[in-house]
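Presented below is the structure to which this report refers.
The values are calculated or read from the model by the stated rules, or taken from the named source; none is laboratory data. What you see is a predicted model, and the numbers here were worked out from it, not measured in a lab. Note: ideal-geometry Cβ built from the backbone for every residue, glycine included; neighbour counts use all protein chains shown. Remember, those area values only see protein heavy atoms, side chains included, never the ligands or the DNA or RNA. Shrake-Rupley method; radii C 1.70, N 1.55, O 1.52, S 1.80 Å.
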Amino acid sequence: MSETAWTLGTSDGELIVRTGVAGRAARMGHRLTIAMTRWQATVSWVGEEPIAAELAVEVDSLEVLRGEGGVKSLSGPEKALVRSNALKSLNAGRFPDIRYNASEIAKTKDGYRLAGALQIRGASHQHVIDLRTEDLGDSWAMSVESTVRQSDYGVKPYSMLMGSLQVADEVTVSFRAVRAKDG
């Protein structure tokens, strides 16, 4: 059987991070929607079965799209400050990439279950992802929504007002892409 590889990037889809707020003053904070604007996913196939998948994300590609809730809407300078704080929390200078390497892939009713190592800020832990696939005729649609606890990877969620307002420890990562079928 022949081995092939798919390569996906930002022209094929999106990688979004959504945060929550925590603490006594949580109503004052914003639930953020953040786009990761530079990433690449590679899927290795043998025949018609995927055997491995990798995702590499450039941390400094983080772009704050919007903040919901809070006392007032996020201004441009506030979005820049949020970005700066996030890059510091992720120690982007020392750890410029976030990586996921799935070494186990199993077929499920709705797509595939991927198991592998997620590496953030130099810390690596096993992470399972349920990838949903949909046959669109001439292409495949893929989507994932997964929760990541920042503190598991040594990321201290940003806080202010002496800790009474903070970014929630768990963030939701969603991925959506469309890939044309090979002809």
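Please compute the net charge surrounding Thr172, taking Lys and Arg as +1 and Asp and Glu as -1 over other residues with Cβ under 14 Å from its Cβ. Don't skip to the answer; put the middle values down first.
Values: positive: Arg18, Arg31, Arg149, Arg176; negative: Glu14, Glu68, Asp130, Glu145, Asp169, Glu170.
Taking every other residue near Thr172 into account, the sum is -2.
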ask   = HN-Hα J couplings of region 89-105 from phi, Karplus 6.51/-1.76/1.60, θ = phi - 60°, integer Hz, Gly and Pro as x?
value = 4, 7, 6, 4, x, 8, 10, x, 10, 10, 10, 10, 10, 8, 9, 10, 10
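May I ask you to derive the FRET efficiency for Asp138 and Asn91 from their Cβ-Cβ distance with R0 = 30 Å, giving the value to the nearest 0.05?
Values: r = 42 Å, r/R0 = 1.41.
Rounded to the nearest 0.05, the efficiency is 0.10.
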note = Quick P(r) readout (the chain; Cα-Cα; 5 Å bins; whole %) gives 1, 7, 15, 21, 18, 14, 10, 7, 4, 2, 1, 0
task = Please list 106-119, 71-84 highest first by mean number of surrounding beta-carbon atoms within 10 Å per residue.
result = 106-119, 71-84
request  = Would you work out what percent of the accessible area of region 3-180, with all protein chains in place, is carbon or sulfur (probe 1.4 Å)?
outcome  = 51 percent
note = With T = 25 °C, eta = 0.890 mPa s and Kirkwood Rh from C-alpha pairs, the Stokes-Einstein D of region 77-183 in µm²/s is about 153 µm²/s
key: Separation in nanometres of the label points that stand 7 Å from Cα toward Cβ, at Thr37 and Leu65   = 1.3 nm
Contour minus Cα-Cα distance for Glu58 and Glu78 (0.36 nm per residue) = 5.0 nm
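Rounded to the nearest 20 debye, what is the charge dipole size of the chain about its Cα centre when +1 sits on each Lys and Arg Cβ and -1 on each Asp and Glu Cβ?
In debye, rounded to 20, the chain gives about 1080.
Helix-derived [θ] at 222 nm for the chain: sum -39500 (n - 2.57) over DSSP H runs of at least 4, divide by residue count, nearest 500? Walk me through the numbers before you get to the answer.
Details: 1 runs with 14 residues, N = 183.
Computed mean residue ellipticity for the chain: -2500 deg cm²/dmol.
What accessible area per residue, rounded to a whole number of Å², is obtained for region 3-180 using a probe radius of 1.4 Å? Write out the running numbers ahead of the final one.
Working: 9940 Å² over 178 residues.
Roughly 56 Å² per residue, with all protein chains present.
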